[in-house]
Amino acid sequence: MADNADIATELMERRLEGALASRLQATAPVHATECEECGDEIPAARRDAAPWATTCIECQGMREQHARHRR
């Protein structure tokens, strides 16, 4: 069970990710259509929801999982 510090940390990480994503969106010239990790097509729904995305959902999930384990 998460304590208040864990919840606060998670909330701050989400806010920072959102802020970074909005900055990337402002500077990203073109929507990526292929995942930079596996080369598969990024679904249109993902590109619409997250135009800054350069990976498919599966590869992004793996990136986030690896990042959590490195901490």
Given a 1.4 Å probe, the accessible area of the chain per residue, as a whole number of Å², is 83 Å²
Amide H contacts under 5 Å for Glu34, restricted to residues at least 5 apart in sequence or on another chain and with H modeled in the peptide plane, are Ile42
Expressed in angstrom, Rg and Dmax over the Cα atoms of the chain are 14.1, 42
Dividing the mean separation of Cα pairs under 8 Å (6+ apart) by the residue count of the chain yields a relative contact order in percent of 24 percent
Taking Cα atoms only, helix 4-27 is inclined relative to the longest principal axis of the chain by an angle, in degrees rounded to 10, of 20 degrees
Length gained, Ala45-Leu11, 0.36 nm per residue minus C-alpha separation, equals 9.7 nm
Hull surface over four for the Cα convex hull of the range 30-71, reported in nm², is 3.0 nm²
Karplus ³J(HN,Hα) for the range 43-54 (6.51 cos²θ - 1.76 cosθ + 1.60, θ = phi - 60°; Hz, whole; x = Gly/Pro) runs x, 4, 4, 5, 4, 5, 6, 9, x, 7, 4, 10
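The values are calculated or read from the model by the stated rules, or taken from the named source; none is laboratory data. As the structure is a prediction and not an experimental result, all values here were calculated from the model. In case anyone asks, the SASA skips ligands and DNA or RNA and just uses the protein heavy atoms, side chains included. Shrake-Rupley method; radii C 1.70, N 1.55, O 1.52, S 1.80 Å.
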